[in-house]
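Worksheet: one structure, shown below.
Taken together, the values in this text are just the output of simple stated rules run on the coordinates, not laboratory data. Quantities reported herein were computed from a predicted structural model and do not represent experimental measurements. Every residue, glycine as well, gets a Cβ built from its backbone with ideal geometry; the counts of neighbours run over all protein chains shown.
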Ligand code: NIG
Ligand code: FE
């Protein structure tokens, strides 16, 4: 299939974009892409590719931007229930961590998730994944973390493997058994840390080999935060995970700076995420590392707070910046990367081009898949979007409506209508 006549084809070619290099879109005007099976075969101008491949079935993208599918590298999209009542409580003045300390927040979703059978978890999660896909996300990282006990955490992983198999959205799982201290360990956070290190992580390692043979190991993540896991507990969990061969991630500096970013850099984590209260020393460490800084602007927005990731400082330091939704029932129930871009432009002064690169090639690097997805280059997986606009700056500029006309996942075309999709 030859997609042709794109007013702007954004290739994002050339790998992850560090510091102020961010925003290199690699635009080809009147662009074309040749796809065969699940792969991109050739990229160029319409004239070039039509001359080289005259017999190919055609897909006309005139008047449209064609770009790589969004990669959402940080979500908690598998959960049961909702927290609408807490949203109201927070607006009336209760703080997020106060609600958690009182046994609500994450722990209220844990209660709903523990009692939900796998069929119900899948049924509640599927429409969220379909909305993500319809808004242009072609690969999403998804964290467990609403089980906080071995059986439920593994049930969440099992559900994720099944949902990934079902498609069309491709899922990259992360084990977040260290999302909160479960009620059984309320007075013994070190006891739960021991359980994670000595029992849960080794069981996960074995379970993965039987249930997902041949698949790359999931990431292991920790919520390094006041009232969750302190720096020492986070270090123990992540070090143990690394020794077992798992790639790492961390939630750091969402509410307080505990030093989680420097820990992530030291342990060569794939990413450090949230980064609101990040110190200058931590930013300098990021700038010298391969650890991607994942900013989640929906979270302060969702919490009605006004402080965001110091993105400009991270770029000044030479850091690799990515964007994600953080889609979760507590702080940020939003499935759309387009909305994330719009927020990032306004709250962190990213240009649309920078936001697009942060949401594609750099986001792919945050889940260590930049060799396969995140750009339009020969040899890569055919994950593309056809937008209903002719100028890429409409991403960021516009918000609250869906600009995606078609999503192409592994070479298959899905049309988007009224926020949902159907097979073409
Ligand atoms: O990234 N901070 C921890 N985890 C989520 C919130 C999860 C929840 O509140 O359910 C976050 O914001
Ligand atoms: Fe998160």
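Okay, here's what the table says:
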{"read-out": "Residue 190-residue 94 pseudo-label distance in nm [points 7 Å out on the Cα-to-Cβ vector]", "value": "3.1 nm"}
{"read-out": "Angle between the chain longest axis and helix 118-134 axis [Cα atoms, degrees, rounded to 10]", "value": "40 degrees"}
{"read-out": "Centre separation in Å (Cα based) which lies between the range 99-143 and the range 8-67", "value": "35 Å"}
{"read-out": "Spin-label model distance (nm) - residue 351 vs residue 244, 7 Å beyond Cα toward Cβ", "value": "4.5 nm"}
{"read-out": "Selected from 208, 333, 79 as most flexible by GNM, with the chain as the system and alpha-carbon contacts under 10 Å", "value": "208"}
{"read-out": "Added length on full extension, which subtracts the Cα-Cα distance from 0.36 nm per residue, residue 215 to residue 307", "value": "29.3 nm"}
{"read-out": "Per-pair calculated FRET efficiency, R0 = 45 Å: residue 231 and residue 52 via Cβ, rounded to 0.05", "value": "0.20"}
{"read-out": "Angle in degrees between helix 231-243 and the longest Cα principal axis of the chain, rounded to the nearest 10", "value": "60 degrees"}
{"read-out": "Relative contact order %, the range 70-366, counting alpha carbon pairs below 8 Å whose residues are six or more apart", "value": "18 percent"}
{"read-out": "Projected label distance in nm at residue 118 and residue 399, using a 7 Å step from Cα toward the beta-carbon", "value": "4.0 nm"}
{"read-out": "Among beta bridges that DSSP assigns inside the range 70-366, antiparallel share in %, nearest 5", "value": "5 percent"}
{"read-out": "Rounded FRET efficiency, nearest 0.05, which uses the C-beta distance separating residue 20 from residue 60 and R0 of 45 Å", "value": "0.80"}
{"read-out": "Protection proxy ranking of 144-153, 212-221 - average other beta-carbon atoms within 10 Å, highest first", "value": "144-153, 212-221"}
